1. So what is the diffusion coefficient of segment 19-88 in µm² per second by Stokes-Einstein at 10 °C and 1.306 mPa s, using a Kirkwood Rh over Cα pairs?
2. Per DSSP helix of 4 or more residues, -39500 (n - 2.57); summed, then divided by the residues of the chain. What does that give at 222 nm, rounded to the nearest 500?
3. Which label marks the calculated value of Rg/Rh (Cα atoms, Kirkwood Rh), given the options [x] 0.93; [y] 1.15; [z] 1.22?
4. Exposed loop sites here are chymotrypsin sites (Phe, Trp or Tyr not before Pro) in DSSP loop states with at most 16 other C-beta atoms within 10 Å. What is the longest stretch of the chain lacking them?
5. What number comes out for the charge environment of Asp46, summing +1 per Lys or Arg and -1 per Asp or Glu over other residues with Cβ under 10 Å away?
Amino acid sequence: MDFSITFFKLFLWGTYFSLPILLSICVSIIALGLFVGRLESWGRFDALYWAFITAFTVGYGDMRPLRKPSKVLSIAIAWCGIMLTGLFVALAVKAASIAFEIHIDPEVLRSVGQGIID
């Protein structure tokens, strides 16, 4: 339980310190999505829905841009989404690494590792 608490604290602190980057990426996704929505004559909700589905690489296919400029901007949205996802993954990995260093005794890991290798 201590490991989980440490992990979540570190992850939340990392998210807090990365908030300017996270917010700028989210604002970019929103702005680009609304611009594509205007080009494609979509409503605001539909444009934001499409932008975040594209950014998180889900891509249901229920909506898709038909104009060339919109397609180019969809690539930019997907790129922003990959950066956003990658940043969250990096924060989680770093938080887990530090939490392991704090809570896991290296000797215990060596003895467990020896049992697996033998």
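1. 135 µm²/s
2. -28500 deg cm²/dmol
3. [z]
4. 61-118
5. My count for the surroundings of Asp46 gives -1.
Only the coordinates and a few stated rules stand behind these numbers; no lab work does. Bear in mind the structure is a predicted one, so any value in this text is a computation, not a measurement. Neighbour counts run over all protein chains shown; Cβ positions are idealised from the backbone, glycine included.
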